[in-house]
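Data first, discussion second: the structure below is written as structure tokens.
The values are calculated or read from the model by the stated rules, or taken from the named source; none is laboratory data. Just so you know, these numbers come straight off a predicted model, no measurement behind them. Don't worry about glycine lacking a Cβ; one is built from the backbone with ideal geometry, like all the others, and counts go over all protein chains shown. The area values use the complete protein model at the heavy-atom level, side chains included, leaving out ligands, DNA and RNA. Shrake-Rupley method; radii C 1.70, N 1.55, O 1.52, S 1.80 Å.
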Amino acid sequence: MDSALVHEILSGDLDAEVPPGELFSLLRTWIEDKCRTERGISVPESAVVPVAWLTCEDLVWQLGEGLRQVLLKHDVLAHSEELVGFLSWVVSNLDAGKGREPFMGLAARYALETTRAQFARLLGDVEVQGHLVAALREWKIPGFSQDVRALLSSVRTKWIRVEAAKYLAWCEQVGTG
């Protein structure tokens, strides 16, 4: 595995021109390896309140943030079909846990229209549901009002309830709520 490329992505800077398929295959292998070997507990530096994450979740989260910065600079990667497949795999990979959060944001920005709806099945996934509700509103995808409405009373995290309310208000505005 080319660890130098992974470290470039983690730092948010990629100097080499790498074919999208090759890069996303490498990142997938790296995530699989970290989810298999890095199962200890860590406290992410980004945590406002210390929250225990599995080490692999923290590493995957860092990779997502680095990839976000790389994609802003590399149009070939940002507009590749391989990116969409990679994002779909990451957000569906339960082993990556909370580390999938930044990948939901990337999916919101880069996923193709036909692929975006498949992410909506993750509304029941407590580790990414807030990011997903925000993405549904950003993507302007109606039809999930019933599932999102249930989050208003079942979710204890305020920001997720706020995102759910925003999505439902948008649905009402466009007549799909």
Restricted to the range 116-137 and to residues being open to solvent by less than 20 Å² (accessible area, probe 1.4 Å) and closer than 20 Å to Val60 by Cβ, the residue modelled with the lowest pLDDT is Phe119
Output for Cβ contacts, cut-off 6 Å, separation at least six or different chains, first residue over 13 Å from Arg100 (Cα atoms) in the range 126-137, second open to solvent by 30 Å² or more (accessible area, probe 1.4 Å), reads Leu136/Phe144; Arg137/Lys166; Arg137/Trp170
Would you confirm whether any residue within the range 97-107 is open to solvent by 40 Å² or more (accessible area, probe 1.4 Å) and part of a loop (DSSP other than H, G, I, E, B)? no
Picked from the range 168-177 (must be assigned to a helix (DSSP H, G or I) and closer than 23 Å to Ala111 by Cβ), the residue least open to solvent (accessible area, probe 1.4 Å) is Cys171
In the range 28-40, anything crowded, with 20+ Cβ neighbours inside 10 Å and either of a type in the set (A, V, I, L, M, F, W, C) or part of a loop (DSSP other than H, G, I, E, B) (or both) is listed as Trp30, Ile31, Cys35
Evaluate the following for Lys158: is it touching a residue at least 12 places away in the same chain (Cβ under 8 Å) and open to solvent by 50 Å² or more (accessible area, probe 1.4 Å)?
no
Taking the range 138-153 and keeping only residues that are open to solvent by less than 60 Å² (accessible area, probe 1.4 Å) and in a helix (DSSP H, G or I), one is left with Trp139, Ser145, Val148, Ala150, Leu151
In the set Gly12, Gly21, the lone residue that is surrounded by fewer than 18 Cβ atoms within 10 Å (Cβ to Cβ), at pLDDT 85 or above, outside any helix (DSSP H, G or I) and not basic (Lys, Arg) is Gly12
Before we move on, is Ser46 surrounded by 12 or more Cβ atoms within 10 Å (Cβ to Cβ) and either closer than 25 Å to His131 by Cα or modelled with pLDDT of 90 or more (or both)?
no
Taking the range 62-92 and keeping residues within 19 Å of Val6 (Cβ to Cβ) and open to solvent by 20 Å² or more (accessible area, probe 1.4 Å) leaves Gln62, Glu65, Arg68, Gln69, Leu72, Lys73, His74, Val76, Glu82, Gly85, Trp89
Right, Ala165: assigned to a helix (DSSP H, G or I) and at pLDDT 95 or above or not?
yes
For Leu26, are the conditions met, namely being farther than 24 Å from Leu122 by Cβ and at pLDDT 95 or above?
yes
